[in-house]
Structures are given as structure tokens and as C-alpha cells.
Amino acid sequence: MEPYPETRLLITGTEINYLFICPTKLWYFAHGVTMEQESEWVDLGRFLHEQRYANEEKEVQIGSIKIDFIRKGDIIEVHEVKLGKSMDKAHEMQALYYLHYLKRLGITAKAILNYPKLRETKELTLDGREKEVEEAINGVERIKTLPKPPEPVKTGKCKKCAYYELCWV
Ligand code: SF4
């Protein structure tokens, strides 16, 4: 395996996720701009995470990635817990990025997206998806190095976004 540029191992799963939600949001987040959290969703997410998965080894930090929980078996399972599927592309790419990251560290794993409110799960592997992940990493690096945030584009996602006031008020 070729040496891997260290800067690419500093990218977080949240940054990959935000790339697919909104580049403006990614830029603010990556530049340390913090706003009041979307409390209702954060509280609900925390409740589901803590109650539903109480017995799991949670919030596993490996370098720059923080995995919701991990199950060890024949193959390591990387689990992400999400509330709904409206941003499923972002969820998927976040999980694939974790698999890519672990692979760079010599760990083979598969990812499971958990949607407990919907009682659904989705299993993902890196097979055939490496190029997509590489492109996402390039995308995050490009947005992060912009001198100012990309022009906001109003979408249905803005209503629940912590940066709403920065973009639209
Ligand atoms: S309010 Fe909308 S445009 Fe602004 S950062 Fe959030 S999602 Fe992006």
C-alpha cells in the first residue's frame, strides 16, 4: 500500500457527512464555527443512542474518526446510528469513509447503518466504492481550504440546520 498523506487521515466522519448535506455547513463546521445545536434532534439522538444501545462499546475514537459503536466478530462491524433516512447518502458516505480509514490502518471491516426509529439496518462494504470515498475526501479537502464559505443554497435541510441564522437571517 502506498504511503497515505497524513492530512487525509485528519478528516472526520462528520466532515464527510456534511459534504453531502451542504458544502457551506461543512466549511463552517471545519472552521470551528459553532452555533446552538438543533436541540430537539440532538436530544432524541442522544436518547436513542444511550438507551437503545446501552450495552454496546460506544463512541469508539480511532484517530480522527469516532464510531458510534463497534461489534467484534469474524469481521469487525462498524455501527452508525441515525434518526431518519432523509440524508442517507451522507450517512452512507460517512460509514464508507470509516471503512476506508480502517483499511488504511490495516483493519478490514463492514459497516451497518442503524435506523432504530424505522427498525431498519443497512449493511455496507467498501467493495467497488473506494473511488467514491476518495472523491469525497478530495471534496472535503477542497471545501475546507476555501478562503470563505461557499454561497449558501436554500434547501429543505436549512430549516433544521444549526447555521440557519448565519446563512439566512
Ligand atoms: S442553513 Fe442551509 S445553506 Fe446554510 S449551512 Fe445550513 S444547510 Fe447549508
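The values are calculated or read from the model by the stated rules, or taken from the named source; none is laboratory data. The shown structure was predicted, so the numbers you read here are calculated from the model rather than taken from an experiment. In this analysis, Cβ positions are derived from the backbone assuming ideal geometry, glycine residues included, and neighbour counts consider all displayed protein chains. Areas reflect the complete protein model, heavy atoms only, side chains present, ligands, DNA and RNA absent. Shrake-Rupley method; radii C 1.70, N 1.55, O 1.52, S 1.80 Å.
Which of 168, 31, 64 sits farthest toward the positive end of the charge dipole of the chain, with +1 on the Cβ of Lys and Arg and -1 on the Cβ of Asp and Glu? Looking along the dipole axis, the top candidate is 168. Here the contact order of the range 6-168, divided by its residue count and restricted to Cα pairs under 8 Å and six or more residues apart, works out to 28 percent. Annotation: per residue accessible area for the range 6-168 equals 57 Å², rounded to a whole number [probe 1.4 Å, protein chains only]. Couplings 3J(HN,Hα) for the range 90-95, derived from phi with the Karplus relation 6.51 cos²θ - 1.76 cosθ + 1.60 (θ = phi - 60°), are 4, 4, 4, 5, 4, 5 Hz, where x marks Gly and Pro. Computed from point charges on the beta carbon alone (+1 for Lys and Arg, -1 for Asp and Glu), the dipole magnitude for the range 6-168 about its Cα centre is near 260 Debye. Residues considered: 151, 134, 123. Largest GNM mean-square fluctuation over the chain, using C-alpha springs under 10 Å, is found at 151.
Taking 11, 65, 75 in turn, the Gaussian network model of the chain (Cα-Cα springs below 10 Å) assigns the largest fluctuation to 75. Counting only protein heavy atoms and a 1.4 Å probe, tell me what percentage of the range 6-168's accessible area is made up of carbon and sulfur. That share works out to 51 percent. For the range 6-168, the Kirkwood estimate of the hydrodynamic radius, built from every pair of different alpha carbons, is 16.5 Å.
Only protein heavy atoms count here; on that basis, with a 1.4 Å probe, residue 33 has an accessible area of about 40 Å².
Working from label points 7 Å from Cα in the Cα-to-Cβ sense, the residue 151 to residue 123 distance is 4.5 nm. Each peptide among 152-164, 87-99 gets the average number of other Cβ atoms lying within 10 Å of its residues, and from highest to lowest they stand as 87-99, 152-164. Here's the picture: a label point sits 7 Å out from the Cα of residue 86 along the beta-carbon direction, and within the range 13-30 the residues with their amide nitrogen under 14 Å of it are 21-22.
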